[in-house]
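Everything below concerns the one structure shown next.
The values are calculated or read from the model by the stated rules, or taken from the named source; none is laboratory data. Worth saying up front: this structure is predicted, and the values here are computed from it rather than measured. Every residue, glycine as well, gets a Cβ built from its backbone with ideal geometry; the counts of neighbours run over all protein chains shown.
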Amino acid sequence: MRFLVLDDNPDDRLVAIRFLSHEFPDAEADEVFDKAGLERALARGGYDAVVTDYMMQWINGIQILEIVKRHWPDCPVVLFTGSGNEEVAVEAMKAGADDYVVKSAHRMARLPLAVRHAIERSTAKRRLAQVETHLQRLTDALDVGVFRATPEGALLSCNPAFLRIIGRSTLEEARGASIEGLFSPSGSDEVRGAERESVTAKREMEVRRPDGSRVWARVSERVGGEDGRTVVDGLVEDISERRALEEGLRARTLALQDADRRKDEFLAMLAHELRNPLAPILNAATVVRYRTASLSDTRVQDACMIIERQVTTLSRLVDDLLDASRVSQGKITLHPEIIDLGVAVTQAVEMVRPLVEARQQALAVHLPPAPVRVRADLTRLTQVFANLLNNAIKFTPRGGQVGITVAQNGEDVVVRITDTGMGIDPTLLPRIFDLFTQGDVSLDRAQGGLGIGLTLVKQLVEMHGGAVTAESAGAGQGSAFTVRLPTSNS
């Protein structure tokens, strides 16, 4: 150990060194009694402790204390003097002295103990500072926000992760921010006065950042007392990713449940739709086979027409099922060529005209005077318009109106199919193009169909680089479907 002893009285220096040597046999002591000696001592390096007289001719102990603490902040300093004035002791301790010893025969014996205690306290402070520095570095490296605040919401301290989560750059900026609810643990009214018993609270909340973004945070708080005041120590974890995963999983689960429900409805509808034509076919076939001899040609013709119509229905259902399967598996291949869009519309109109006439409806067709060129698969595009027209006709009552209009709109062509039918429920519009979606799932409805036609329409239109939308003012207000396709200049 090395000690520095400052006193301009040689007898007092000798007494001090003797007491220190008795307590610390292996210690070395440097004596200083003037300014030059102090400068040499400061140049030598640090000491384990400094013992200085309070009042010397060339300097006083308070000034020595300031010089030592400026050079060696952790070095303990013990002052001793011939005055027993308490005011001197208070002044010395306020200035940063580690202890104070009065020069007297019986009190000087306390000097070694005061020095030892000063060294121990200094060592403990240094170790505590090292631990605090280590903990601060760990806290700063955490991805979890750490903060301390008052129960009223005044931020006292925080780590960088906390600032990052709340979208602030500095502690001062965070202190000036109003973060609603972040420092208001449940039961805070009850714990504001609880200085000894700790209270904990955990919750999840949404934090709004200055840039308008939001993050979900899990806040864990401990409210307790420290130094006679109530403080809130908390952890803030950014759980936005976890919440997004949970929301995605929840949405996925709901989607799977909805898909499963619609699958069950579809299977029931499929069984119904496939069964409906079988009875007429069987009856008509029985008539043709067993009763031909007793029936007129007209009855035979009617029976054959029934068979033909119902087999056509079955064929259409099977074709729709096959197309839906091919599209979902990416097995449909288009054969695009430059065509006049009016040709596809005209062919689709001819396909549905018998149904229009049977239902005694008015079908209005409006085509532009000049051909509109698009690059498309004529067969598939005709199928799109036929499906949309067929839907409009089925869900429009007898005597109603159905229309299809083709118009150029910039570099696109817009085909709009309208009707005065039953309309579309607003809750159904967002998923009207989903597979197996139907507005009416009762098995006794008259329109028929499997609910896959609009799905095919959407997929085929998108394969052509276009888009299709649906709109309706509600039940009984009719509906409109709009197909937008890019035109071709070649």
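Among what's in the range 10-55 and is outside any helix (DSSP H, G or I), among the small types (Gly, Ala, Ser) and without any contact (Cβ under 8 Å) to a residue 60 or more places away in the chain, pick the residue that is nearest to ARG121 (Cα to Cα). Lay out the reasoning, then the answer.
The first filter runs over the range 10-55 and keeps only residues outside any helix (DSSP H, G or I), leaving 24-34, 45-55.
Add one more test, that the residue is among the small types (Gly, Ala, Ser), and what stays is 27, 29, 45-46, 49.
Restricting the remaining residues to those that are without any contact (Cβ under 8 Å) to a residue 60 or more places away in the chain gives 27, 29, 45-46.
Working: ALA27: 19, ALA29: 21, GLY45: 21, GLY46: 17 Å.
Here the answer is GLY46.
Quick test of your reading of the structure: THR133 fulfils all but one of (1) in contact with an Asp or Glu (Cβ under 7 Å, 6 or more places away or on another chain); (2) of a type in the set (S, T, N, Q); (3) over 30 Å from SER21 (Cα atoms). Name the failing condition by number.
(1)
Among the residues of the range 115-173, count how many are among the charged types (D, E, K, R), part of a helix (DSSP H, G or I) and farther than 17 Å from LEU235 by Cβ. If you could, list the steps in order and put the result at the bottom.
Our first condition is that a residue be among the charged types (D, E, K, R); within the range 115-173, this holds for 116, 120-121, 125-127, 132, 137, 140, 143, 148, 152, 164, 168, 172-173.
With part of a helix (DSSP H, G or I) added as a condition, the list becomes 116, 120-121, 125-127, 132, 137, 140, 164, 172-173.
Still in the running and farther than 17 Å from LEU235 by Cβ: 116, 120-121, 125-127, 132, 137, 172-173.
Number of matching residues: 10.
Please work out if THR123 is under 25 Å from PRO25 (Cα atoms) and buried (at least 17 other Cβ atoms within 10 Å of the Cβ). Step through it out loud before you land on a result.
Working: under 25 Å from PRO25 (Cα atoms): yes; buried (at least 17 other Cβ atoms within 10 Å of the Cβ): no.
No.
For the list (1) exposed (fewer than 12 other Cβ atoms within 10 Å of the Cβ); (2) farther than 26 Å from SER21 by Cβ; (3) at pLDDT below 90; (4) not hydroxyl-bearing (Ser, Thr, Tyr), I need the number of the one condition that ALA95 fails.
Condition (1) is where ALA95 drops out.
Does the range 443-458 contain any residue that is over 21 Å from SER315 (Cα atoms), modelled with pLDDT of 85 or more and either of a type in the set (Gly, Ala, Ser) or assigned by TED's automatic domain parsing to the domain that holds ASP340 (or both)?
yes
Would you mind finding the one in GLU172, GLU180 that is more than 15 Å from ALA217 (Cα to Cα), at pLDDT below 90 and either outside the structural domain of ALA217 (by TED's automatic domain parsing) or exposed (fewer than 15 other Cβ atoms within 10 Å of the Cβ) (or both)? So that I can check it myself, show each step before the final result.
Values: GLU180 fails: more than 15 Å from ALA217 (Cα to Cα).
Exactly one of GLU172, GLU180 is more than 15 Å from ALA217 (Cα to Cα), at pLDDT below 90 and either outside the structural domain of ALA217 (by TED's automatic domain parsing) or exposed (fewer than 15 other Cβ atoms within 10 Å of the Cβ) (or both), namely GLU172.
How many of the residues making up the range 68-98 are farther than 24 Å from ARG44 by Cα, of a type in the set (Asp, Glu) and touching a helix residue (DSSP H, G or I) at 6+ places or on another chain (Cβ under 8 Å)? Can you show your working first?
Taking the range 68-98 as the starting set, the residues that turn out to be farther than 24 Å from ARG44 by Cα are 81-95.
Those left that are additionally of a type in the set (Asp, Glu): 86-87, 91.
Subsequent filtering for residues that are touching a helix residue (DSSP H, G or I) at 6+ places or on another chain (Cβ under 8 Å) retains 91.
Result for the range 68-98: 1.
May I ask you to say which residue of ALA36, ALA49 is hydrophobic (A, V, I, L, M, F, W, C), out of contact with any Gly (no Cβ under 7 Å at 6 or more places or on another chain) and buried (at least 19 other Cβ atoms within 10 Å of the Cβ)?
Working: ALA36 fails: buried (at least 19 other Cβ atoms within 10 Å of the Cβ).
The match here is ALA49.
Are there any pairs with C-beta distances below 7 angstrom linking a residue in the range 128-151 that is in contact (Cβ under 8 Å) with a residue 60 or more places away in the chain to a residue that is part of a loop (DSSP other than H, G, I, E, B) and not aromatic (Phe, Trp, Tyr), with the two at least 6 apart or on different chains, and if so which?
These pairs meet every condition: GLY145/ASN159; VAL146/ASN159; PRO151/ARG192.
On the given criteria, is PRO112 assigned by TED's automatic domain parsing to the domain that holds ASP11, in contact with a Leu (Cβ under 8 Å, 6 or more places away or on another chain), in contact (Cβ under 8 Å) with a residue 24 or more places away in the chain and not hydrophobic (A, V, I, L, M, F, W, C)? Full working, then the answer.
Working: assigned by TED's automatic domain parsing to the domain that holds ASP11: yes; in contact with a Leu (Cβ under 8 Å, 6 or more places away or on another chain): yes; in contact (Cβ under 8 Å) with a residue 24 or more places away in the chain: yes; not hydrophobic (A, V, I, L, M, F, W, C): yes.
For PRO112, the condition - assigned by TED's automatic domain parsing to the domain that holds ASP11, in contact with a Leu (Cβ under 8 Å, 6 or more places away or on another chain), in contact (Cβ under 8 Å) with a residue 24 or more places away in the chain and not hydrophobic (A, V, I, L, M, F, W, C) - is met.
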